[in-house]
1. Condition first: away from the ligand (no atom under 12 Å from the Cβ) and within 16 Å of ASN89 (Cβ to Cβ). Can you find one or more residues in segment 176-191 that meet it?
2. So LEU38 ticks every box in (1) surrounded by fewer than 24 Cβ atoms within 10 Å (Cβ to Cβ); (2) touching a residue at least 40 places away in the same chain (Cβ under 8 Å); (3) not in a loop (DSSP other than H, G, I, E, B) but one. Which box is left unticked?
3. Could you list, in sequence order, all residues of segment 22-34 that are modelled with pLDDT of 95 or more and surrounded by fewer than 22 Cβ atoms within 10 Å (Cβ to Cβ)?
4. Restricting attention to segment 241-256, which residues are without any contact (Cβ under 8 Å) to a residue 12 or more places away in the chain and hydrophobic (A, V, I, L, M, F, W, C)?
5. If I go through segment 113-139 residue by residue, how many of them are polar (S, T, N, Q) and closer than 16 Å to LYS66 by Cα?
6. Inside segment 57-90, can you point out the residues that are assigned to a helix (DSSP H, G or I), more than 13 Å from the ligand (Cβ to nearest atom) and of a type in the set (Val, Ile, Thr)?
7. In segment 140-162, what count of residues is obtained for those that are crowded, with 22+ Cβ neighbours inside 10 Å and either farther than 30 Å from ILE245 by Cβ or among the hydroxyl-bearing types (Ser, Thr, Tyr) (or both)?
8. Is it the case that THR221 is within 12 Å of the ligand (Cβ to nearest atom) and either surrounded by fewer than 14 Cβ atoms within 10 Å (Cβ to Cβ) or more than 19 Å from LEU137 (Cβ to Cβ) (or both)?
Amino acid sequence: MNNTIFITGASSGIGREVSKNFLQNGWNVVATARRLNLLKSIKLNKKEIIIKGGKIIPLKLDVTNKNILNKKITEYIKKNGVPDIIFLNAGTNFTNDKTISSSENTRKLFEVNFFGVLNCVDIFLPYLKRKKKQTQLIIMSSVAGYRGLPYSGAYCSSKAALINYAESIVNQSALHNIKVRVVNPGFIKTPLTDKNEFNMPLIITSDKAGKILYKKFLYSTKFEINLPNIFCIFMKFLRILPYSIYFKLTKLTLKKL
Ligand SMILES: NC(=O)c1ccc[n+]([C@@H]2O[C@H](COP(=O)([O-])OP(=O)(O)OC[C@H]3O[C@@H](n4cnc5c(N)ncnc54)[C@H](OP(=O)(O)O)[C@@H]3O)[C@@H](O)[C@H]2O)c1
């Protein structure tokens, strides 16, 4: 029987490319997002289907709607069993908002980026605890969650919350044979970053990101997955700078953004 990966935010960008890579390698992919038409367009050609045998299961899901999420995920699990990998990737950002984020906007972003992940974890958790085989629970965060960046109060804090949450639950989850991991990318070219008007250093294509993530999900066991590596090392370096230096640097970038 083919292994299965469940992915949120699979209709575009990183989630779509990860879906394609798993599908091309014979996995069943439960591809979820709000735009069902885009999920249905993730396809293999006939030859690939015969050789690999994986299939795509598109599910229209909004991660902020817990009732529907619960209904559809439970239905899926009862019929097909628990997936081997759960990749909670759905996320969003506001376009070039130069104001200090209001509580309303920040709450809206948290509903998708942070609580959207927790909604899924809540629903999967009882099934994962009963499953004998290990499951990977992979949370999409960002290097933007390492430290507060200019003009990104809502986005950075939602991603920082996810990193902290993942760090907090990793050992408890391991007791139930659930392997919690976090993905912290730098810049990847997707519809999300296409909205940015500033220069994005060392940006890579979503196609490349999909290939890297496929390999890291299957062949690395590290808690944190970074891509592209060099940019992420630079961001890790910023994380250890004292405030006195860090704020001087971010003040400089403020003028460029
Ligand atoms: N691109 C980067 O440089 C970068 C860097 C670090 C982290 N990330 C993170 O990577 C993840 C994917 O982003 P991306 O760059 O690939 O952007 P993207 O192409 O805009 O993809 C975002 C995905 O999330 C889905 N989504 C948004 N709101 C949703 C909701 N309420 N319910 C269900 N699905 C929802 C979208 O699907 P629908 O609109 O069809 O629902 C879409 O499939 C995000 O969490 C983002 O923060 C991206």
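1. Yes, the conditions are met somewhere in segment 176-191.
2. It is condition (2) that LEU38 fails.
3. ASN28, ARG34
4. LEU241, ILE245, PHE247, LEU249, LEU252
5. 2
6. Correct list: THR74, ILE77.
7. So the count comes out to 4.
8. Against the criterion (within 12 Å of the ligand (Cβ to nearest atom) and either surrounded by fewer than 14 Cβ atoms within 10 Å (Cβ to Cβ) or more than 19 Å from LEU137 (Cβ to Cβ) (or both)), THR221 does not qualify.
The values are calculated or read from the model by the stated rules, or taken from the named source; none is laboratory data. Just so it is clear, the structure is predicted and the values come from calculations on it, not from any experiment. Virtual Cβ from ideal backbone geometry, glycine too; neighbours counted across all protein chains shown.
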